[in-house]
Amino acid sequence: ATTLSITTVGNYSSDELVVYIDYNRDGDFTDSGEEVYHNDDVGTAKTYTASITAPSSATSGSLRMRIVIFDTSYNPKNSCGDFNYGEVEDYTVIVLGSTSSGFQLTNVDDVEENNQSINVYPNPSDNGYIFIQTSNLDDQVFLFGSTGILIKTFKISSNVERLHIGELSPGVYILKQKGQVKQVIIN
């Protein structure tokens, strides 16, 4: 299971909080099991915690997660639609391997070039190799395609590691290590 923390700032006794994940990738949140958390008592500004377990049918790759907080006195519970009072935020959930390993939550905005905990060069790369500079030794680095599918896993054993990527097609990839995210461009 993965723990999700959601902090609210309102003090409305009629607010509800709902989290959806589009597990079958059909573009909606109405299928059985896609409502993964529901709390109808979020009238206090605080952090709420949800424990979410991906179903056994979940496959590796990215999924859409939607968090909705809304005022039930003005709006019915709905994963899509207009709200007089409320907020909707979408995130990307990346399922890593089997569901026994859980999944990682990645805000789409977290893919930044200024993340100093992991450095990748040359970036863009056109010679079949990249170098990763990191302080997280004896760890794995995951390379995802732009659709969120896990493409390759690398073992890191030194502060600067040379990784062979010559078999990959040109494009944009996402490199992750212990919550650190880096965009990699292959020409």
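The values are calculated or read from the model by the stated rules, or taken from the named source; none is laboratory data. These numbers come from a predicted model, not from an experiment. Neighbour counts are summed over all protein chains in view; Cβ atoms, including those assigned to glycine, are modelled from backbone coordinates with ideal geometry.
The lone criterion from (1) surrounded by 12 or more Cβ atoms within 10 Å (Cβ to Cβ); (2) more than 18 Å from Gly61 (Cα to Cα) left unmet by Tyr23 is number (2).
Cβ-Cβ contacts under 6 Å between residues 6 or more apart (or on different chains), taken from a first residue in the stretch 67-89 that is within 14 Å of Tyr37 (Cα to Cα) to a second residue that is part of a loop (DSSP other than H, G, I, E, B) and at pLDDT 80 or above, are listed as Ser79/Phe29.
If the condition is being part of a loop (DSSP other than H, G, I, E, B), under 23 Å from the mean Cα position of the chain (by Cα) and hydroxyl-bearing (Ser, Thr, Tyr), then the stretch 1-15 contributes only Thr8. Residue pairs whose Cβ atoms lie under 6 Å apart, separated by 6 or more positions or on different chains, with the first residue in the stretch 52-64 and over 17 Å from Phe29 (Cβ atoms) and the second outside any loop (DSSP other than H, G, I, E, B) and modelled with pLDDT of 75 or more, are Ser60/Leu150. Across the stretch 47-61, the qualifying residues are those that are closer than 29 Å to Gly10 by Cβ and of a type outside the set (A, V, I, L, M, F, W, C), and the one among them that is surrounded by the fewest Cβ atoms within 10 Å (Cβ to Cβ) is Thr47. For the stretch 159-186, a residue qualifies if it is in a loop (DSSP other than H, G, I, E, B) and modelled with pLDDT under 85, and the qualifying residues are Asn159, Lys178, Gly179. Of Asn119, Asn114, Asn127, all but one fail to be at pLDDT 80 or above and not in a strand (DSSP E or B); the exception is Asn127.
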